[in-house]
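Accompanying notes for the structure given below.
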Amino acid sequence: MRATFYERTGAARDVLRIGELPDPVPGPGELRVKLQWSGVNPSDVKSRAGLRSPVMPFPRVTPHSDGMGVVDAVGPGVDAGRLGERVWLWNGAWARPAGTAAQYITVPEQQAVPLPDGVPGEAGACFGIPALTALHALLVDGGVAGKTVLVAGGAGAVGHYAVQFARRLGAKHIVATVSSAEKAELVRAAGADTVVDYRTENVAERVHQITGGQGVDRVIEVDVVANAALNMEAVRPGGEWVVYGSGAVQFTLPFFALAARSPRIRLFIVYLLEAADRRRAIDTLNGFLARGDLVHQIAARLPLERIVEAHELVESGRAIGNVVLSID
């Protein structure tokens, strides 16, 4: 099969290679997917760059955890009725050497979720990390029904889904931060009640105006290093601060300022969701997909051969939405 891989960490154009690898064979409890789309996420490019660890987890890595394709083979113990099924994938490359930047992938059968016929294939390559991250951040700890919610980076891959999902999950008021007029328009269309350009406006002041000086009930945070001070000002005393990303490996928080507001802080990465939490997020997503009114913001569709360009686009922060690769 044709696949992309790297054998050392570093810059995309220095380490990514395209070549032929053996076709994978599904083992017991596994199925094989003939891939059509592969999603490129910030975590994928950070792993390839060595930002998480310069040590290779395996001698050779085919990147990307998210993808979409069609089941074309099943291993022992897997229902043959799944053959021909359109599916989207989660954790394709998590703790495994072979991800979705290839023509085929084998995964445990539960990691291949049926994709409704009416949903575009490239959208399916955006669910494993962006959509499930957004859903878990909103559903955890009682959800957001009747609450005011601040979504940091509302035009991003996770943020754009979070705004849409928060509206559908009954949030009372959704505030989203953006960095341009173009992104503001996108986020308003997604359902945000208030959009704040953090480059030109004081976000904390706007939040306190909206909430009568109380602060929001929940913050959904993409970069705790960049926004920790803002989050402490924006969340109400005893509110909820849900963090799924950080721009650096380590960060510090001021104890007394934080203790004065005593927010409930929850940090998570979507790769390590508990089985029940993942099932809840997937079931909720399936319900939204059945309604057929979600907007899947695809910033770029590139062929597999342009994977270096795709990685560099994600790293640059210029992509408004998800970047996906066409495999066939």
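The table that follows gives values for the structure above.
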read-out	value
Per-region count, segment 17-29, residues in contact (Cβ under 8 Å) with a residue 24 or more places away in the chain, surrounded by fewer than 14 Cβ atoms within 10 Å (Cβ to Cβ) and not in a loop (DSSP other than H, G, I, E, B)	0
Residue under evaluation residue 128, criteria (1) of a type in the set (Gly, Ala, Ser); (2) open to solvent by less than 10 Å² (accessible area, probe 1.4 Å); (3) in a loop (DSSP other than H, G, I, E, B), criterion not met	(3)
Any pair with Cβ under 9 angstrom, 6 or more apart, that starts in segment 1-12 at a residue that is on the phi > 0 side of the Ramachandran plot and ends at one that is at pLDDT 95 or above and assigned to a helix (DSSP H, G or I)	10/48; 10/49
So residue 55, is it assigned to a loop (DSSP other than H, G, I, E, B) and among the β-branched types (Val, Ile, Thr)	yes
Residue match in segment 64-76 (condition: in a helix (DSSP H, G or I) and either within 24 Å of residue 127 (Cβ to Cβ) or open to solvent by less than 50 Å² (accessible area, probe 1.4 Å) (or both))	no
Output for segment 263-276, where each listed residue is more than 20 Å from the chain's Cα centre (by Cα) and open to solvent by less than 70 Å² (accessible area, probe 1.4 Å)	263
Filtered residues of segment 77-102 (kept if outside any loop (DSSP other than H, G, I, E, B) and either within 23 Å of residue 6 (Cα to Cα) or among the hydroxyl-bearing types (Ser, Thr, Tyr) (or both))	89, 98, 102
Residue within segment 243-259 that is part of a strand (DSSP E or B) and open to solvent by 70 Å² or more (accessible area, probe 1.4 Å) present	no
Unique residue being open to solvent by less than 10 Å² (accessible area, probe 1.4 Å), more than 30 Å from residue 70 (Cα to Cα) and under 16 Å from the mean Cα position of the chain (by Cα) when the list is 216, 144, 175, 151	151
Candidate set from segment 279-328 (those that are under 16 Å from the mean Cα position of the chain (by Cα) and at positive phi); member that is modelled with the lowest pLDDT	317
Qualifying residue in segment 155-165 (condition: more than 20 Å from residue 265 (Cα to Cα), open to solvent by 40 Å² or more (accessible area, probe 1.4 Å) and in a helix (DSSP H, G or I))	no
Candidates 306, 279, filtered to the one that is open to solvent by 30 Å² or more (accessible area, probe 1.4 Å), more than 21 Å from residue 64 (Cα to Cα) and either part of a helix (DSSP H, G or I) or in contact with a Phe, Trp or Tyr (Cβ under 8 Å, 6 or more places away or on another chain) (or both)	279
Search result, residues across segment 232-242 that are part of a helix (DSSP H, G or I) and open to solvent by 20 Å² or more (accessible area, probe 1.4 Å)	232, 233
All positions within segment 87-115 that are open to solvent by 40 Å² or more (accessible area, probe 1.4 Å), farther than 9 Å from residue 33 by Cα and of a type outside the set (Gly, Ala, Ser)	94, 96, 97, 109, 110, 114
Looking only at segment 219-231, and only at residues there that are open to solvent by less than 60 Å² (accessible area, probe 1.4 Å) and not β-branched (Val, Ile, Thr), the one that is nearest to residue 263 (Cα to Cα)	231
Hits in segment 184-201 (condition: open to solvent by 70 Å² or more (accessible area, probe 1.4 Å) and hydrophobic (A, V, I, L, M, F, W, C))	189
Per-region count, segment 30-59, residues open to solvent by 30 Å² or more (accessible area, probe 1.4 Å) and under 30 Å from residue 82 (Cβ atoms)	8
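The values are calculated or read from the model by the stated rules, or taken from the named source; none is laboratory data. Keep in mind that this is a model prediction, so the values were computed, not measured. All Cβ positions, glycine included, derive from the backbone under ideal geometry; neighbour counts span all protein chains shown. Areas reflect the complete protein model, heavy atoms only, side chains present, ligands, DNA and RNA absent. Shrake-Rupley method; radii C 1.70, N 1.55, O 1.52, S 1.80 Å.
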